[in-house]
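Participant: This is the structure, below, for whatever I ask next.
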Amino acid sequence: MLPLVRPGRAAAPLRRLCRRILLLSSSPQTPSPSSSSSPYSTKISPLLLLLSPRPSPASGGAWRWRGVSSCAVRAVDVGGEAASTSSDLSSPYLSVRIRCRKEDAEVLSEGLLCFGATSVTVDDIAAAGNLDEITITSIYAHGEDVDSSVSNAASSAGLEYKPVYETSVGKQCDWVTVVQETYESTKVINGLWVIPKWRTPPDPQAINIIINPGLAFGTGEHPTTKLCLLLLRETVKGGERLLDYGTGTGVLGIAALKMGAALSTGIDIDPQAVTSACENMMLNGIDSNKMLLYLVPTNAQAACFPNIDKSEENKPTGGLELKSSKGSYDIVAANILLNPLLELVEDIIGYAKPGGIVAVSGILTEQVPKVEEAYSRYLENISVSEIDGWACLQGSRKA
Amino acid sequence: MATTLKDAVARKPVLATIRLIVPAGAARPAPPVGPALGFYRLNLMAFCKDFNARTQKYKAETPMQVTLTAYKDSTFEFVVKSPPVSWFLKKAAGIETASGRPGHNMVSSLTLRHVYEIAKLKQSDPYCKHMSIEALCKSIIGTANSMGIEIVKDL
């Protein structure tokens, strides 16, 4: 039925036909996710407002960051599914491998990004050696029209040929269960380690915090986590009450308890974080009445959300308990990001008791002045510690 | 800039170059970040945290272009650049998607003034600094044409 196909260029149309049939039959038409929901305007001024004050000349506007990819991201398997909250996590994506000439790779990648690809990866050009052609791997959201995207990209890049490509459907969860073996135990300081769940602590005498990272922040090897852990090390003497604002994996709360605190409370707006923290709490053998976890709504008012603890009882008064504990914490640690820190100043400070320590991190060194300005209204004895370009600001609440 | 991306390439063996568009302040280990970085076993969480911290100064959800260089020793570097020209054009023209048949169907039109403003914004991007405003404008007009947006002198 199918005509004889000569290898080479002629194969492309046939392949395209097959792809089209495959795509049409396999996936229902899903609307492509809209990238931006901000209102459109034909005036110029909103464009100019988009970028806030230009970066300072010193920073140059572009940044580099060296990362060690020792962390594995494993799906949180408390409850079984990785795709609990966000549907993005479980929906398949399209992975398209495109072959093109070496010199066209740059322009073609630009074009692909312009026309709907969510990411474009070019395998090392130097390693291709004498080969004329290299492979570009491009990822599209499920349901996108790959064919028209590739042809639009090719024509805008000025290519006279249509690049040959093949599509495969990838499932989200695969990459999440990535190499766990490469995730190493991290030594924060002498006598304090953060150990992934599947490793044995190299120093059984030290304080070892066992973490199963999942999809929450706080695996122990990021400089900001280290900064906060060091701070806790200095300030926790025994019997304190700690609030971990933006708890992630719960690493700070667990660390404080292991160092002698009386009570840890962790709050987060991300349900996955709370689940992850719950699991880590159990891994470390923490009693449920020593560590409380709350899921708070994003407007940062702990209204009536249930208290998620080991016994998984849904206490309707959970939110009220949290509210009533305002102003009673000896230590409040908030390792989040600059913008939330600036917006939620009053909320964060509100939880600390007068004279209590408040520590904020997740900020770059260059962002410290802004944070200091916002927090100096409420804090005294402010000091800043830094590791690797990341900073942690601490102070005690004014009476 | 002390070291350019090219120098970095010369220093360590490069495994791959990954280009992504990620909304500012909203990097999560889901697509587009997840599959692209996960494939090379890169530390997703660290990238997300770092990227979010560095893009705090931009309006939330603005799509930023990111170029990551993954090295053979599982480390990586990344550079954050301004949003793609096509995004600026779409915002200025007030359209959601570009034309399906550029050259045949024109979706919208913009004036030279729009082009100039976009070029000025793009020039603040250190990777376009070396280009003159004229060259930037020409390239923006080219992109507009390939999207089906007409550029006229005056609306």
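Readers should treat all values here as calculations from the given coordinates under stated rules, not as data from a laboratory. Small disclaimer: the values here were computed from a predicted structure and weren't measured. Here Cβ is always computed from backbone atoms with ideal geometry, including for glycine, and neighbour counts include all displayed protein chains.
Participant: Would you tell me the mean number of C-beta atoms belonging to other protein chains that fall within 10 Å of each C-beta in B:70-77, as a whole number?
Facilitator: Across B:70-77, the average partner-chain Cβ count within 10 Å equals 4.
Participant: Express the C-alpha Rg of chain B as a ratio against the empirical globular expectation 2.2 N^0.38 Å, rounded to two decimals.
Facilitator: On the way: Rg = 17.5 Å, N = 155, 2.2 N^0.38 = 15.0 Å.
Normalised Rg, Cα atoms only: 1.17.
Participant: Quick one: which of A:Lys197/A:Lys226; A:Lys370/B:Lys57; A:Lys102/A:Lys162; B:Lys91/B:Lys122; A:Lys226/A:Lys326; B:Lys90/B:Lys120 span more than 23 angstrom between C-alpha atoms? Mind dumping the intermediate values first?
Facilitator: Working: A:Lys197/A:Lys226 18 Å; A:Lys370/B:Lys57 11 Å; A:Lys102/A:Lys162 14 Å; B:Lys91/B:Lys122 14 Å; A:Lys226/A:Lys326 26 Å; B:Lys90/B:Lys120 17 Å.
From the list (A:Lys197/A:Lys226; A:Lys370/B:Lys57; A:Lys102/A:Lys162; B:Lys91/B:Lys122; A:Lys226/A:Lys326; B:Lys90/B:Lys120), the Cα-Cα distance tops 23 Å for A:Lys226/A:Lys326.
Participant: In whole Hz and in residue order, list the ³J(HN,Hα) couplings for segment A:184-200 that follow from phi through the Karplus curve 6.51 cos²θ - 1.76 cosθ + 1.60, θ = phi - 60°; x for Gly and Pro.
Facilitator: Working through the residues one at a time gives 9, 5, 10, 9, 7, 7, 3, x, 9, 10, 10, 10, x, 3, 9, 10, 9 Hz.
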